[in-house]
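Coordinate-derived values only; no laboratory data. This one's a predicted model, so the numbers in the text were calculated from it and none came from an experiment. Don't worry about glycine lacking a Cβ; one is built from the backbone with ideal geometry, like all the others, and counts go over all protein chains shown.
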Amino acid sequence: MTLSASSKAYLDRTEGLNMFVGSCLCRAVKWQIDAVLEQMHHCHCSRCRKARSAAFATNAVTTIDGVRFLRSEDNVQLFLLPGAKYFAHAFCKTCGSSMPQKDAARGRHSVPLGCMDDDLVVRAEHHIFTDSKAPWYAWLGDLPAFASRSE
Ligand SMILES: [Zn+2]
Ligand SMILES: [Zn+2]
């Protein structure tokens, strides 16, 4: 595996606490983050809300090789939303928990952070797609909020 300079710096900085492990509800699937997590955000789009059945989804992205499955990668199912350019939902076949999703088209992994078992060295940077926010969800905190994407 080739690590980028930023990933190497990240791992150096986090040495000793670099066991960023995630697992699903039934514990069948387990993975480890091996590279820097970037663009951590809360997404309020209707697709994320439905896929997670939650007020919003908290995700980050990492490199295509930044997620290493420690257990049962073959228990991860991928749902590709018909007609969507990028949206897909990876989940555990047994319990339905959201799983890291390899996005080959964009050369990265999207990582749902609710299933991480450890604290992370990164924090959420902003909210996106607040135009689609659930009307019953009010609190956005102090983070910058974008009506659509942050870019
Ligand atoms: Zn599971
Ligand atoms: Zn979304």
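Things to note:
- Selection from Ile64, Ala90, Val21 lying farthest towards where the dipole of the chain points positive, charges on Cβ: Ala90
- Inverse mean reciprocal Cα-Cα distance (Kirkwood Rh) of the chain, Å: 16.0
- C-alpha center-to-center spacing [region 70-128, region 34-54] in angstrom: 8
- Amide H within-cut-off set for Cys24, under 5 Å, with H built and near neighbours excluded: Val29
- Extending 7 Å from the Cα toward the beta-carbon at both Leu80 and Leu143 defines two label points whose distance is 3.0 nm.
- Backbone HN-Hα couplings from phi across region 87-99 [Karplus 6.51/-1.76/1.60, Hz, Gly and Pro as x]: 5, 8, 10, 9, 8, 6, 4, 8, 10, x, 4, 5, 10
- Net lengthening on full extension, Ser53/Phe69 (0.36 nm per residue, minus Cα-Cα): 3.3 nm
- Taking the Cα centre of the chain as reference, the dipole from Cβ charges on Lys and Arg (+1) and Asp and Glu (-1) amounts to some 560 debye.
- Between Val21 and Asp119, the simple label model (points 7 Å from Cα in the Cβ direction) yields a spacing of 1.8 nm.
- Based on Cα contacts under 8 Å between residues 6+ apart, the chain shows a relative contact order of 26 percent.
- Per-residue [θ]222 nm for the chain (sum of -39500 (n - 2.57) over DSSP H runs n ≥ 4, rounded to 500): -3000 deg cm²/dmol
- Note on His126 and Gln32: their simple-model spin labels are 3.3 nm apart, each label 7 Å out from Cα toward Cβ.
- Under 22 Å from Lys85, Cα to Cα: lysines that are on another chain or at least 8 residues apart: Lys50, Lys102, Lys133
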